[in-house]
Every structure is written in C-alpha cells, then in structure tokens.
Amino acid sequence: MHGIDDKIRVAVDDCRECSYADVLIRNGNLVVYIMKSLFDSDKEIHELFMDYDLGDESPNGKAILLTLLEQNICPKRVQLITMNPVGETNMENTLKDFGYIKSGGYWVKESN
C-alpha cells in the first residue's frame, strides 16, 4: 500500500520549469526507462504532465504516451501541457483510445 509521501508527479518537458512536479524528465528518449524504474519502485506515479514537442532528437509526446499506455505504466491522471494544438489533439485521441476521459484540466482513467 502506498502512503501519501509515496505518490509522485512526473513532468515530461524539454523547457518549462515544472516546479509542481517531483520528477522532471527533459529528454524524451529517457521517459520510458525512468517511468519503468519508478513503476517498479515503492513509489506511485500519481500524475503525469506531458508536453508534445520535446526537441529535435526526441520522440514526440504522442509516441511516448502511446508507449507508456501500451506498457501499462501510464498513471491514471494525465495533464497535457503542450502549446501545440495539433500535438494536443493527437495526445487526447491516444488517451481516449485507452479509456481516459476529460475531467477538469486532466485526463483520467477510472480503476477497473
């Protein structure tokens, strides 16, 4: 069982400060590795803040989100923090495909 101190917030963004996150991942190529490591630890990933444009040498937010969802390591609460409207729509559609619904400023997945 996870305590409140074990719940962490992860942000994936190449340029914002994201002071609201406990873990900030700047390199899109490392997201899946770090998320797997956190998932396998005693920590619960409570929220994911996801940007779309992560630099020229990095996969985009939709590709990363899709991998996290396919590997079942995406938290049940996701906030999209991109300024790219096309990228945001692409990530929204990906979340919808995996059963997430929009609730306030977040995308959430109900427990099964």
Considering only segment 58-72, I want to know if a residue exists there that is closer than 20 Å to residue 98 by Cβ, buried (at least 16 other Cβ atoms within 10 Å of the Cβ), among the basic types (Lys, Arg) and without any contact (Cβ under 8 Å) to a residue 60 or more places away in the chain.
yes
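Would you mind finding the one in 106, 52 that is surrounded by 18 or more Cβ atoms within 10 Å (Cβ to Cβ), in contact (Cβ under 8 Å) with a residue 24 or more places away in the chain and of a type in the set (Phe, Trp, Tyr)?
Working: 106 fails: surrounded by 18 or more Cβ atoms within 10 Å (Cβ to Cβ).
That would be 52, the only listed residue that is surrounded by 18 or more Cβ atoms within 10 Å (Cβ to Cβ), in contact (Cβ under 8 Å) with a residue 24 or more places away in the chain and of a type in the set (Phe, Trp, Tyr).
Select from segment 73-103 the residues that are polar (S, T, N, Q) and free of Cβ contacts under 8 Å to residues at least 12 places away in the same chain and write down the one among them that is farthest from residue 33 (Cα to Cα). Spell out how you get there, then give the answer.
Step one: of segment 73-103, the residues polar (S, T, N, Q) are 79, 82, 84, 89-90, 93-94, 103.
From the residues that got through so far, the ones that are free of Cβ contacts under 8 Å to residues at least 12 places away in the same chain too are 89, 93, 103.
On the way: 89: 25, 93: 24, 103: 28 Å.
In this case the residue turns out to be 103.
Take the conditions farther than 23 Å from residue 102 by Cα and either hydrophobic (A, V, I, L, M, F, W, C) or surrounded by fewer than 17 Cβ atoms within 10 Å (Cβ to Cβ) (or both) and apply them to residue 23. Does it pass? Can you show your working first?
On the way: farther than 23 Å from residue 102 by Cα: yes; either hydrophobic (A, V, I, L, M, F, W, C) or surrounded by fewer than 17 Cβ atoms within 10 Å (Cβ to Cβ) (or both): yes.
Criteria met by residue 23.
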The helices (runs of 4 or more DSSP H) lying entirely within the chain that contain at least 2 residues which are at pLDDT 95 or above and polar (S, T, N, Q) are 85-97
So for segment 6-23 (the condition being out of contact with any strand residue (DSSP E or B) (no Cβ under 7 Å at 6 or more places or on another chain), of a type in the set (Lys, Arg), within 25 Å of residue 93 (Cα to Cα) and touching a residue at least 60 places away in the same chain (Cβ under 8 Å)), does at least one residue qualify?
yes
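Restrict the check to segment 28-41 and report whether at least one residue is touching a residue at least 40 places away in the same chain (Cβ under 8 Å) and either crowded, with 19+ Cβ neighbours inside 10 Å or on the phi < 0 side of the Ramachandran plot (or both). First the steps, then the outcome.
First pass over segment 28-41, keeping only residues touching a residue at least 40 places away in the same chain (Cβ under 8 Å): 32.
When the remaining residues are screened for being either crowded, with 19+ Cβ neighbours inside 10 Å or on the phi < 0 side of the Ramachandran plot (or both), the result is 32.
So far as segment 28-41 goes, yes, one or more of its residues are touching a residue at least 40 places away in the same chain (Cβ under 8 Å) and either crowded, with 19+ Cβ neighbours inside 10 Å or on the phi < 0 side of the Ramachandran plot (or both).
The values are calculated or read from the model by the stated rules, or taken from the named source; none is laboratory data. This one's a predicted model, so the numbers in the text were calculated from it and none came from an experiment. FYI the Cβ positions are ideal-geometry reconstructions off the backbone, even for glycines, and counts take in every protein chain you see.
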